[in-house]
Amino acid sequence: MKVILIKEVKGKGGEGDVIEVARGYANNYLLPQGFAVLATAGNLKQLEAKKKNIAKREEKRVAEAAALKATLESAPVFVAAQVGDEGHLFGSVTSVMIAEAAAAKFGVEIDKRDIHLKEAIKMAGEHDVTVSLYRDAKATIKVLVAAEEPVAEEAAAEEAVEAAVEE
């Protein structure tokens with residue numbers, strides 16, 4: 001069944017693409033969700049009229065992705081975690097933690113599903129992480145994992161205990 005995509009569908013195509021999909025996929029997902037319309041003669045004619053606007057929006061999205069890539073790759077992102085002996089973490093650094101750290105550092109929202117970890121980050125240090133921005137646009141950000149600093153109250157309590165032990 002031929003359909004015209006109204007919105008981008010990951011793995012299928014972008015806005016304005018005419019694609020061939022299974023009838024069930026079209027009837028049960030694409031059409032009810034508003035991601036596509038049937039590729040009738042009238043809809044194809046309307047698509048031709050809209051091609052210039054679609055191209056402008058696509059160009060804008062690609063430019064925004066390139067700008068975001070430059071921003072994300074400009075500086076490393078710091079993630080604080082509990083670190084044990086020899087730099088091993090208690091637990092691991094997740095994509096949610098990386099997304100929050102990037103939002104705090106750069107002021108941009110990154111969806112946790114767009115962050116691709118090659119393997120779980122379980123060691124302190126520098127790690128490269130890939131972020132999908134738009135279609136084929138990907139950024140590689142450096143994530144620096146370091147030990148959490150103890151909270152000021154905890155540090156003061158530890159110093160008081162050490163002082164009491166020394167006396």
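The values are calculated or read from the model by the stated rules, or taken from the named source; none is laboratory data. All values derive from a computational prediction rather than experimental measurement. So basically every Cβ, Gly included, is an ideal-geometry build from the backbone, and we count neighbours across all protein chains shown. The accessibility values were calculated without ligands, DNA or RNA, using every heavy atom of the protein model including side chains. Shrake-Rupley method; radii C 1.70, N 1.55, O 1.52, S 1.80 Å.
Taken over region 25-84, the criterion of being over 15 Å from LEU5 (Cα atoms) and assigned to a loop (DSSP other than H, G, I, E, B) is satisfied by GLU73, SER74, ALA75, PRO76, GLN82, GLY84. Here ALA81 meets the list (1) open to solvent by less than 80 Å² (accessible area, probe 1.4 Å); (2) modelled with pLDDT of 90 or more; (3) not hydroxyl-bearing (Ser, Thr, Tyr) almost entirely, failing just condition (2).
For region 85-98, what are the residues that are without any contact (Cβ under 8 Å) to a residue 40 or more places away in the chain, outside any helix (DSSP H, G or I) and more than 15 Å from the chain's Cα centre (by Cα)? Of everything in region 85-98, those that are without any contact (Cβ under 8 Å) to a residue 40 or more places away in the chain, outside any helix (DSSP H, G or I) and more than 15 Å from the chain's Cα centre (by Cα) turn out to be HIS88, PHE90, GLY91, SER92. Scanning region 12-24 for residues that are open to solvent by less than 80 Å² (accessible area, probe 1.4 Å), closer than 27 Å to ALA137 by Cα and assigned to a loop (DSSP other than H, G, I, E, B) yields GLY14, GLU15, GLY16, ASP17, VAL21.
I want to confirm something. Restricting to region 32-57 and keeping residues that are open to solvent by less than 40 Å² (accessible area, probe 1.4 Å) and touching a helix residue (DSSP H, G or I) at 6+ places or on another chain (Cβ under 9 Å), which single residue is farthest from THR140 (Cα to Cα)?
Going residue by residue through region 32-57, those that are open to solvent by less than 40 Å² (accessible area, probe 1.4 Å) are 34, 36, 39, 47, 54.
Retained after the next criterion (residues that are touching a helix residue (DSSP H, G or I) at 6+ places or on another chain (Cβ under 9 Å)): 36, 39, 47, 54.
Details: ALA36: 32, ALA39: 38, LEU47: 36, ILE54: 28 Å.
Here the answer is ALA39.
Check region 58-74 and report whether any residue there is free of Cβ contacts under 8 Å to residues at least 60 places away in the same chain and open to solvent by 90 Å² or more (accessible area, probe 1.4 Å). Yes, region 58-74 contains a residue that is free of Cβ contacts under 8 Å to residues at least 60 places away in the same chain and open to solvent by 90 Å² or more (accessible area, probe 1.4 Å). Filtering region 2-20 to residues that are touching a Phe, Trp or Tyr at 6+ places or on another chain (Cβ under 8 Å) and more than 14 Å from GLN46 (Cβ to Cβ) leaves LYS7, VAL9. Taking region 131-141 as the range and being loosely packed, with under 14 Cβ neighbours inside 10 Å and either at pLDDT 90 or above or hydrophobic (A, V, I, L, M, F, W, C) (or both) as the test, only THR140 passes.
So is VAL108 β-branched (Val, Ile, Thr) and assigned to a loop (DSSP other than H, G, I, E, B) or not?
Working: β-branched (Val, Ile, Thr): yes; assigned to a loop (DSSP other than H, G, I, E, B): yes.
In short, yes.
Residues of region 95-123 that are open to solvent by less than 40 Å² (accessible area, probe 1.4 Å) and in contact with a strand residue (DSSP E or B) (Cβ under 9 Å, 6 or more places away or on another chain): SER95, ILE98, ALA99, ALA101, ALA102, ILE110, ILE115, ILE121. Scanning region 84-94 for residues that are more than 24 Å from ALA137 (Cβ to Cβ) and open to solvent by 40 Å² or more (accessible area, probe 1.4 Å) turns up ASP85, GLU86, HIS88, PHE90, GLY91, SER92.
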